[in-house]
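Working notes for the structure below.
The values are calculated or read from the model by the stated rules, or taken from the named source; none is laboratory data. As the structure is a prediction and not an experimental result, all values here were calculated from the model. With ideal geometry, Cβ positions are generated from the backbone for all residues, glycine too; neighbour counts draw on all protein chains shown.
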Amino acid sequence: MTGHGSSDGLHVADVSVVYAGLPALDSVSLGIAPGEAVAFVGPSGAGKTTLLRVLNATVRPTSGCVTYRGEHLGELSANDLRAVRGRIGFVHQSLGLVPNLRVIQNVMAGRLGRQGLLQSLRAFVRPKPAEIEHAYEILERVGIPEKLYERTDRLSGGQQQRVAIARALYQDPEMLLADEPVSSVDPARARDTVKLLTEISSEQGLTLCMSLHNLDLARDYFPRLVGLRNGKIAFDAPVGEVDPDEFQRLYDLEQGEMLADGA
């Protein structure tokens, strides 16, 4: 399995997450190497969102352990855990933008996890020229530099999506996690967005983990696919080794199956 054995990578060992007595993840183990691009695929309720939240340490496993760069996340202090999260960018399905703020303010919010309160407030009220230039450069890379001072709620859905990506990149992460980032846009925009995220991650040497419902996008842009069903890993293999029947079995739900996770 790709990614196992490296002390520099991210490792999930026999992790289970239980919500209200129902398993969202069930004895999941996998390793992700630095710079690797991995797509998590599966139906709603498969556990993809929970797995991403475990990876960025916002959900603690009920059992099992997660290590990142050799550090056991469950043993870190609150400050050390915050520092780890500061190195992991997250593009949420709901985007999580503040609608009445300008684009530049939403982008700069990407570094809130790495800065103290006073430094963050200063950046919001009076950003330094170098900070403005950096935000502009990132917006230029995602294709909307002219929206730097636009109110975020005046942008289209696709443009807001790119602001969310820019915010994660402004964080200067080592790893980028994206939870169904194309669920609310048309197919052409979805393909552009997945292509953009994979290209940027490759250019910057970022580890990229993305949950997707669209199997064609996963096969077209990711070298490694992890299939999830009912909180368990159904397959984990290079894209060329995943049989079409394996994809189909992910979505052939049996009558009465209990789905614990919302994604």
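Things worth noting here:
- Cβ-Cβ under 6 Å pairs, at least 6 apart or on other chains, segment 82-100 side over 17 Å from residue 174 (Cα atoms) and modelled with pLDDT under 85, far side of a type in the set (S, T, N, Q) and part of a loop (DSSP other than H, G, I, E, B): 93/183
- For segment 166-201, the tally of residues that are touching a His at 6+ places or on another chain (Cβ under 8 Å) and surrounded by 17 or more Cβ atoms within 10 Å (Cβ to Cβ) stands at 3.
- Flag if residue 15 is at pLDDT below 95, among the β-branched types (Val, Ile, Thr) and surrounded by 15 or more Cβ atoms within 10 Å (Cβ to Cβ): no
- Leading residue by the ranking (farthest from residue 162 (Cα to Cα)) among those in segment 70-97 that are among the basic types (Lys, Arg) and assigned to a helix (DSSP H, G or I): 82
- Among the conditions (1) within 15 Å of the chain's Cα centre (by Cα); (2) basic (Lys, Arg); (3) on the phi > 0 side of the Ramachandran plot, residue 69 misses just one, which is (1).
- Residue list for segment 149-165, filter: in contact (Cβ under 8 Å) with a residue 60 or more places away in the chain and either under 22 Å from residue 218 (Cα atoms) or surrounded by fewer than 17 Cβ atoms within 10 Å (Cβ to Cβ) (or both): 161, 164, 165
- Cross-chain or 6+ apart pairs with Cβ under 8 Å, segment 124-146 first and among the aromatic types (Phe, Trp, Tyr), then surrounded by 15 or more Cβ atoms within 10 Å (Cβ to Cβ) and part of a loop (DSSP other than H, G, I, E, B): 136/148
- Taken over segment 144-192, the criterion of being over 13 Å from the mean Cα position of the chain (by Cα), assigned to a loop (DSSP other than H, G, I, E, B) and acidic (Asp, Glu) is satisfied by 150, 172, 186.
- Considered as a group, the residues in segment 216-241 that are touching a strand residue (DSSP E or B) at 6+ places or on another chain (Cβ under 6 Å) and assigned to a helix (DSSP H, G or I) include one that is surrounded by the most Cβ atoms within 10 Å (Cβ to Cβ), and that residue is 218.
Condition check ((1) more than 26 Å from residue 205 (Cα to Cα); (2) among the aliphatic types (A, V, I, L, M); (3) crowded, with 22+ Cβ neighbours inside 10 Å; (4) touching a residue at least 12 places away in the same chain (Cβ under 8 Å)) across all residues:
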site	(1), (2), (3), (4)
22	yes, yes, no, yes
36	no, no, no, yes
43	yes, no, no, yes
48	no, no, yes, yes
53	no, no, no, no
63	yes, no, no, yes
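- Of everything listed in (1) among the aliphatic types (A, V, I, L, M); (2) free of Cβ contacts under 8 Å to residues at least 40 places away in the same chain; (3) out of contact with any Leu (no Cβ under 6 Å at 6 or more places or on another chain), the single unmet condition for residue 194 is (3).
- One residue alone among 23, 61 is outside any strand (DSSP E or B) and either under 29 Å from residue 182 (Cα atoms) or out of contact with any Pro (no Cβ under 7 Å at 6 or more places or on another chain) (or both), and that residue is 61.
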